[in-house]
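These notes concern the structure reproduced below.
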Amino acid sequence: MHFSKINSDKKLFTPGPLGCSRTVKEAMLRDLGSRDEEFISTVKLIRQKLVDIADVPEDEFTAILLQGCGTYAVEAVLQTSAPRQGGRVLILLNGAYGRRMKKVCDVTGIAADVAEFPEDGIVDVAKVKELLQRGVQYSVVAVVHCETSSGVINPVEELGRTVKQYQPQATYFVDAMSSFGAVPIKMQDGQIDFLVSSANKCLQGVPGFSFVIARKSELLRCKGNSRSLSFDLVDQYEGLEGNGQFRFTPPTHTLLAFVQALEEFQEEGSVSGRARRYKQNCIVLQRGMEELGFSRLLSDDCAGYIITSFYYPHHPRFNFDEFYHQLSDLGQVIYPGKLTNANCFRIGNIGHLYPSDMKYLLKCIARVLDNMGVPVPVPVPVPESAS
């Protein structure tokens, strides 16, 4: 069998998978057994560091690691937190990843209601307050922090305080997949009980595992709820606490890479340092796309700095598939839209990306537009202020 030559890496301007540093990838060039003392220490270190990054007390919160992508962690929380008898979930939905939560509930037989909000705006706290006072008692209320189908950042702390005020018995669950590590989240202020993310997002590890930051009192209250062995968070937690090991074969190489990723995260300045770079990336991208004639989907009051959705240009020669493939041929990978009501595409600026990468992407976009015969507007010069 002949293998084709492996091409050089492409730059990934997506919500995932994301690019990571060469040093993170090189950290995987070792083999460790799942029962090696060094590996058990590695797992313990990662769990501790995640609690530190979440900025929550270790006597009240814990980190649980799971084999698999971020959706595995989402399903694990829903499976574990919703009681088998009488459990009911309320999903605050304004995009594709909220809809995915609903699908998880439907497939696993968990009763779930949806409060749906426009895709180009935040989850409305006042409307959630009204909903929670209508009499239906919920076991779990769930929301996505950064809804990467659009780029919206939802007000998770304010939502959490509202949930606990009007339904204090409910577990509050936040999917922070694309925000944890780069967008500050005040878990205690927002009274968040479960928060999920994954290795290959803002912490810039390689894909292969996801994690849950859980309030221990809420977690232990959920014992026996899970409809699945693999997704039972309490069982996974008890295994990690008991012997430091995963219940089933762990992603050893991914975890070794993550240790290196955490070192680089700390060197950059932790959450504030990573946020600073991502904000710089976002500014370069959005200004450059404006100059190329693109319009953003979201207004500034609800947009974050993780990913930006842009409308298709109103030009007969613009075809997104052609646009995408020409950019990919130039080594630049963007993402199609994931909205139900707008013709958009998305460009992310997280992962191992820097302002220079954003500037080069913009040059490639201008080149592709020229190839397609889509004219780029000439920017109007800003007049100098009178001296």
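Coordinate-derived values only; no laboratory data. Keep in mind it's a predicted model, so treat the numbers as computed, not measured. Cβ sites come from the backbone with ideal geometry, for glycine too, and all protein chains shown count toward neighbours.
Among the aspartates and glutamates, which have Cα under 13 Å from the Cα of residue 25 when same-chain residues fewer than 8 positions away are ignored?
Answer for residue 25, where 13 Å is the Cα cut-off: 9, 264, listed by chain and number.
Taking 7 Å along the Cα-to-C-beta vector as the label spot, tell me the residue 34-residue 356 distance in nanometres, rounded to one decimal.
4.2 nm
Quickly rank 37-49, 272-284, 192-204 as a protection proxy: mean count of other C-beta atoms within 10 Å, highest first.
Going by the mean number of other Cβ atoms within 10 Å, highest first, we get 192-204, 272-284, 37-49.
In a shell of Cβ-Cβ distance under 14 Å around residue 42, excluding residue 42 itself, what net charge do Lys and Arg (+1) and Asp and Glu (-1) give?
0
Suppose R0 equals 45 Å; then what is the FRET efficiency for residue 321 and residue 301 from their Cβ-Cβ distance, rounded to the nearest 0.05?
Rounded to the nearest 0.05, the efficiency is 0.90.
Please find, in a Gaussian network model of the chain (springs between Cα atoms separated by less than 10 Å), the residue of 349, 341, 94 whose mean-square fluctuation is greatest.
341
Determine by what factor the alpha-carbon radius of gyration of the stretch 166-242 differs from 2.2 N^0.38 Å, reporting the quotient.
1.18
What is the sum of charges, Lys and Arg at +1 and Asp and Glu at -1, for the other residues whose Cβ falls under 12 Å from the Cβ of residue 218?
In short, +3.
Rounded, prolate or oblate, given the Cα gyration tensor of the stretch 38-77, with a/c below 1.5 counting as rounded?
Verdict is oblate for the stretch 38-77.
Taking just the C-alpha trace of the stretch 307-348, give me its Rg and Dmax in Å.
10.3, 30
Take every DSSP beta bridge with both residues inside the stretch 149-237 and express the antiparallel ones as a percent of the total, to the nearest 5.
About 60 percent, rounded to the nearest 5.
Assign one of three labels to the stretch 1-112, namely rounded, prolate or oblate, based on the Cα gyration tensor with a ≥ b ≥ c the square roots of its eigenvalues; rounded applies when a/c is under 1.5, prolate when it is not and a/b is larger than b/c, and oblate otherwise.
oblate
Determine ³J(HN,Hα), in whole Hz, for all residues of the stretch 114-127 in sequence, where each value follows from phi through the Karplus function 6.51 cos²θ - 1.76 cosθ + 1.60 and θ = phi - 60°; x replaces Gly and Pro.
So the J values, rounded to whole Hz, are 10, 10, 9, 10, x, 5, 9, x, 7, 5, 7, 4, 4, 5.
Bin width 10 Å, alpha-carbon pairs only: give the P(r) of the stretch 237-387 as whole percents, running from 0 to the bin holding the largest distance.
Values per bin, smallest distances first: 9, 30, 27, 19, 11, 3, 1, 0.
Using θ = phi - 60° and the Karplus relation 6.51 cos²θ - 1.76 cosθ + 1.60, list the HN-Hα couplings for the stretch 28-33 in order, rounded to whole Hz, with x at every Gly or Pro.
For the stretch 28-33, the Karplus-derived couplings read 7, 7, 9, 10, 10, x Hz, x marking Gly and Pro.
Of the candidates 111, 303, 257, which one comes out as most mobile in a Gaussian network treatment of the chain with C-alpha springs shorter than 10 Å?
Top of the fluctuation ranking is 111.
Select from 356, 150, 270 the residue whose mean-square fluctuation is largest in a Gaussian network model of the chain (Cα-Cα springs shorter than 10 Å).
In this elastic network of the chain, the residue with the biggest mean-square fluctuation among 356, 150, 270 is 356.
Apply the Karplus parameterisation 6.51 cos²θ - 1.76 cosθ + 1.60, with θ equal to phi minus 60°, to every residue of the stretch 164-180 and state each ³J(HN,Hα) to the nearest whole Hz, in sequence, with x for glycine and proline.
So the J values, rounded to whole Hz, are 6, 6, 9, 9, x, 6, 7, 7, 9, 10, 10, 8, 10, 3, 9, 10, 4.
Hey, can you grab everything whose amide H is under 5 Å from the amide H of residue 19? Only 5+ residues off in sequence or another chain; H modelled, so Pro and N-termini drop out.
So residue 19 has HN proximity to 12, 352.
Starting from the eigenvalues of the Cα gyration tensor, five times each then square-rooted, give me the equivalent ellipsoid semi-axes of the stretch 57-126, largest first, whole Å.
Equivalent-ellipsoid dimensions as semi-axes: 22, 17, 14 Å.
Consider the candidate values [x] 20.7; [y] 23.3; [z] 25.5; state which one is mean projected area of the Cα convex hull in nm² computed from the structure displayed.
Recomputing mean projected area of the Cα convex hull in nm² here gives the entry labelled [y].
Where both partners of a DSSP beta bridge lie in the chain, what percent of those bridges are antiparallel, to the nearest 5?
55 percent
Given H placed on each backbone N at 1.01 Å, which residues far from residue 171 in sequence or on other chains put an amide H within less than 5 Å of it?
Correct list: 140, 141.
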